[in-house]
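One structure is given below, encoded as structure tokens.
No value in this document is a laboratory result; all are computed from the given coordinates. The structure displayed is predicted, hence computed values, not measured ones. When we count neighbours, we look across all protein chains shown, and the Cβ atoms used for this are built from the backbone with ideal geometry, even at glycine.
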């Protein structure tokens, strides 16, 4: 009985939570300009989205391209920078370690708007013209702390003698890093990369303040400008639907693997 | 110190340049007028502008209400999800986590569109409901995490000492899950108090929140006033983060 | 005769297919210090949890103080538990942790105070009441956990491996304190451990468990001196366990010689297991008086005594502990006194499986079809028994090369060979005698030759 009520609560919450996305998904299969007005089944919005053939808003595809490229660059650089930093931090002691750990926390604690405004002021102060480069730099700034925090626990879990053992067996420090340390840190690096990638994909405020005036758009800023112009461009409906399904699929795959792994471990 | 500690150096320099210096610049700009002279003018302007103060108060109010609603709705959900007797499916957990992975603007826009379709008047009500939509998963996740990882022997020990299931809940499990609630507050309160796009979408620009004012000032080149407002927000954030005991981080990974 | 405070009747518990407790019955007298002893996974913690109310048995009943409490929830049971890793509430300080139970019972504040201070004194933690529990050392946390349980004046105190997390020195000190506390409080202690030394030191009664069954119940001296089976003999202390044959009453043959003993009633020419403790074998320079001779293989100084391995004249290996050292390669004489020979009934003399005839030369048991010697006595589909001698089971390194795969679950050295218990992947036990050396946990393949499967009629 208790279980029944509990399940009811959970599912009502989920239904309410997912209602908007479900409506968007349903109305992605009709051509109507406004949501709620069903003008018959059509996949035209999907074909528009993929051919880039949209009523006056051809830059959506471009914005998506920018978003993905920026996220890939930011996540890659953050993963390299963050992993090296984590190894360094792990080997530090005392005040210096505390100071760098504190600084590492700031971008995570700061609201996006503060990070955005502060970086905006930095670029203004240094007279750097804002555009692609500044956006990427800004993304690296708020992504790297997550990589550091993903890699550090792997270092603490690691037997401290492992690196020494590699050296003892004749590896050069570089070989020990490549053949022993990096493989052991890989899970942390991968989750750091994924985290950084999604943080970058999701970002709006920081990009908004650091993109300058050259007309650089990511998906978020595109949606923002578009929405301020009034209403949702119909082509965003298939876009949201596809992203939603993509992430659902990704999460299912990840969790299935997790469950299977734990099952195997039990065996 | 081993030599490998120097590996942190590039990142340390990076942090100074892209984290410390920008924050110092906020303070610097906040105390300057347009031509670079030291002044308290930006702050007097803020504290004497009733509109700005009202917006500030409204932002705090909305953020607090949103956080409270998220705890109220989220704690029971997290409790159920973490309880093996009440919920055994991993699917529901994934479904609650998933919105955290979807672009917040997209979700907000979808919510706003739904309101629009249902013919709901956009205003403070829709703002709150929309924000709960956006941030509920961020409250559920850390609480679920801590409840799920909580050593079962605490509950057993309490039962062993004579606690009824209700007493076990209130006297042991709720206090022990507080770090998760605090994490949840951090993950919900901070973004809501500082948001600008979300409130603009959800109220069709009718209600301005503090974030919007900052954004408008920066975008219209009123950098010094914008910096002063950012500093005010930083102080609010600083006060909120005192809540959290840094030693006990429970937010965990996101997946 | 004191009354029984605890009675466990026919407790059975399964987790999935696995039988954790198999029809366990146990009664405990008021005021006793009872230790449940066994290797990990033997079901001892499950039994304790059923007693405390954290787990329910599939069948059977729990009676405490004459009251059937099988279905009573844990918070209403007159027992308190000291948990394995203490489970002190991290959000409460030492005082609040101890007062937790009393506050729930709505005991008046000043009485709570007196009682908490009294137990704090008892566990020598008087000045620690305001401390954060996470700042305490393992030993201190242990004391608080004990104080938190006994302040409620339970009729029975349950202790789940309470000393396992402490270092050796601390463990020894706490053992003495626990014994002293038991004497002062006068309540019943049920203590779960896998440490045989702890059990021997602390207990009035030891309950030895293995594979969900009680193997033996007795005083520490009984358990040590008169183990009832080879598992108990091997688990408690060091021992030489050998295959033997009861020639007649008071005469047993093992290691190739006949010895006088004190056991009777086994019958004549019956296979038995024989246990001789290493300190009970007298070792001397080779003289006429010895019962048999041996050659010293190794000699190690163990602090108080020397531990020697010797090869007897009949090629059996024995372990001997003595205050005198005999150098390797010395020829020595050995004597074992009748009272020091413990004769045990064999649990089984060969593997016996319930089987089904598939065809003239195939038989199925342990969920697997085996080839056997062609026979016509039994028709296909008939239920029979298959017997396989211990030394006819072949073990191979690669599990995938065997007809069955399994794990070495338990091993016993019997002087001239090993006696292994193999747990197959499908959950069956096979017992194997072998001269090869295996370790516990090794994965093995199992083969049985057709000629070694003996098919006999079912008794019923």
For segment B:171-216 and segment A:64-105, write down the distance between their C-alpha centroids in whole Å.
26 Å
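Taking square-rooted eigenvalues a ≥ b ≥ c of the alpha carbon gyration tensor, is segment A:1-126 rounded, prolate or oblate, where a/c under 1.5 means rounded and, failing that, a/b exceeding b/c means prolate? The partial results should precede the final answer.
Numbers: a/c = 2.89, a/b = 1.52, b/c = 1.91.
It is oblate, given that a/c is not under 1.5 and a/b is not larger than b/c.
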Most mobile of B:47, B:31, B:210 per a Gaussian network model of chain B (Cα springs, under 10 Å)?
B:47
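Regarding the protein assembly as shown, what's the average projected area of the Cα-atom convex hull, expressed in nm²? Before the final figure, lay out each step's value.
On the way: hull surface 218.7 nm².
For the protein assembly as shown, averaging the hull's shadow over all directions gives 54.7 nm².
Return a whole-number percent for the relative contact order of chain C, with Cα pairs under 8 Å and 6 or more residues apart as the contact set.
Values: 998 pairs, mean separation 49.4, N = 460.
Computed value for chain C: 11 percent relative contact order.
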Which value results for Rg/Rh of segment C:351-457 when Rg is the Cα radius of gyration and Rh the Kirkwood radius based on the inverse mean 1/r?
0.99
Mean separation of Cα contacts under 8 Å (at least 6 apart) over the residue count of chain A, i.e. the relative contact order in percent, is 30 percent
Summing -39500 (n - 2.57) over every DSSP H run of at least 4 residues in the protein assembly as shown and dividing by its residue count gives a helix-only mean residue ellipticity at 222 nm, to the nearest 500 deg cm²/dmol, of -15000 deg cm²/dmol
So what's the angle, to the nearest 10 degrees on a 0 to 90 scale, between helix C:94-104 and the longest Cα principal axis of chain C?
80 degrees
Cα-only radius of gyration and Dmax that characterise segment C:4-230, units Å:
17.5, 56
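Take the Cα gyration tensor of segment C:59-128, multiply each eigenvalue by 5, square-root it, and list the three semi-axes largest first, rounded to whole angstrom.
28, 15, 12
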As I understand it, the value is the acute angle between the Cα axis of helix C:168-185 and the longest principal axis of the Cα atoms of chain C; what does it come to in degrees, rounded to 10?
60 degrees
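Return C:169, B:171, A:258 ranked ascending by Cβ neighbour count within 10 Å, so the fewest neighbours appear first. Walk me through the intermediate numbers first.
Values: C:169 9, B:171 20, A:258 12.
Fewest-to-most Cβ neighbours within 10 Å comes out as C:169, A:258, B:171.
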Expressed as a rounded percentage, what relative contact order does segment B:105-238 have, with Cα pairs under 8 Å and six or more residues apart?
28 percent
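Calculate the tail of P(r) for chain A: the fraction of all Cα-Cα distances greater than 35 Å, expressed in %. It would help to have the intermediate numbers written out before the result.
Details: 12322 of 35511 pairs.
Value for chain A: 35 percent of Cα pairs lie more than 35 Å apart.
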With a Förster distance of 56 angstrom and the Cβ-Cβ distance between residue C:413 and residue A:184, calculated FRET efficiency to the nearest 0.05 equals 0.90
Distance in nm between pseudo-label sites at residue C:375 and residue B:60 (7 Å out along the Cβ direction from Cα)
9.1 nm
Of all alpha-carbon pairs in segment B:48-245, indicate the percentage at a distance above 26 angstrom.
42 percent
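Using only the Cα atoms, what convex hull volume per residue in Å³ does segment A:171-222 have?
Numbers: hull volume 5.3 nm³, N = 52.
Expressed per residue, the convex hull around the Cα atoms of segment A:171-222 is 103 Å³.
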Helix B:223-241 sits at what angle to the longest principal axis of chain B, using alpha carbons and giving 0 to 90 degrees rounded to 10?
20 degrees
Per 5 Å bin, what percent of the C-alpha pairs of segment C:238-345 does each bin hold, from zero upward?
2, 13, 24, 24, 17, 11, 6, 2, 0
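Given axes a ≥ b ≥ c from the Cα gyration tensor, I'd like to know whether segment B:129-255 is rounded (a/c under 1.5), prolate (a/b larger than b/c) or oblate.
Working: a/c = 3.56, a/b = 2.49, b/c = 1.43.
Judged from the Cα gyration tensor, segment B:129-255 comes out prolate (a/c at least 1.5, a/b above b/c).
How do C:257, A:90, A:139 line up, fewest other C-beta atoms within 10 Å first? Mind showing how you got there, number by number?
Numbers: C:257 15, A:90 20, A:139 26.
Listing C:257, A:90, A:139 from fewest to most nearby Cβ atoms yields C:257, A:90, A:139.
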If I take R0 = 56 Å and measure r between the Cβ atoms of residue A:3 and residue B:221 in this structure, what FRET efficiency does the formula 1/(1 + (r/R0)^6) give, to the nearest 0.05?
0.40
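For segment B:123-195, rounded, prolate or oblate, judged on the Cα gyration tensor with a ≥ b ≥ c (square roots of eigenvalues), a/c < 1.5 rounded, else prolate if a/b > b/c? Write out the running numbers ahead of the final one.
Working: a/c = 3.73, a/b = 2.67, b/c = 1.40.
It is prolate, given that a/c is not under 1.5 and a/b is the larger ratio.
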Once fully extended, how much extra length lies between residue B:53 and residue B:121, figured as 0.36 nm per residue of separation less the alpha-carbon to alpha-carbon distance?
21.9 nm
Once residue C:345 and residue C:436 are pulled to full extension, the length gained, defined as 0.36 nm per residue separation minus their Cα-Cα distance, is 30.2 nm
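Can you work out the FRET efficiency for the pair residue B:170 and residue C:59, with r the C-beta to C-beta distance and R0 = 41 Å, to the nearest 0.05?
Details: r = 35 Å, r/R0 = 0.85.
That pair, residue B:170 with residue C:59, gives E of 0.75.
Please order C:401, B:134 by the number of other Cβ within 10 Å, starting at the fewest. Don't skip to the answer; put the middle values down first.
On the way: C:401 12, B:134 25.
Least crowded to most crowded, the residues run C:401, B:134.
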GNM of chain B, Cα pairs under 10 angstrom: of B:87, B:42, B:103, the biggest fluctuation goes to B:103
For chain B, set up a Gaussian network in which alpha carbons nearer than 10 Å are linked by springs, and say which option among B:35, B:241, B:177 fluctuates the most.
B:35
So for the pair residue A:42, residue A:19, with labels modelled 7 Å out along Cα→Cβ, what separation do we get in nm?
2.8 nm
Which length gain, in nm to one decimal place, applies between residue A:127 and residue A:97 when the Cα-Cα distance is subtracted from 0.36 nm times their residue separation?
7.6 nm
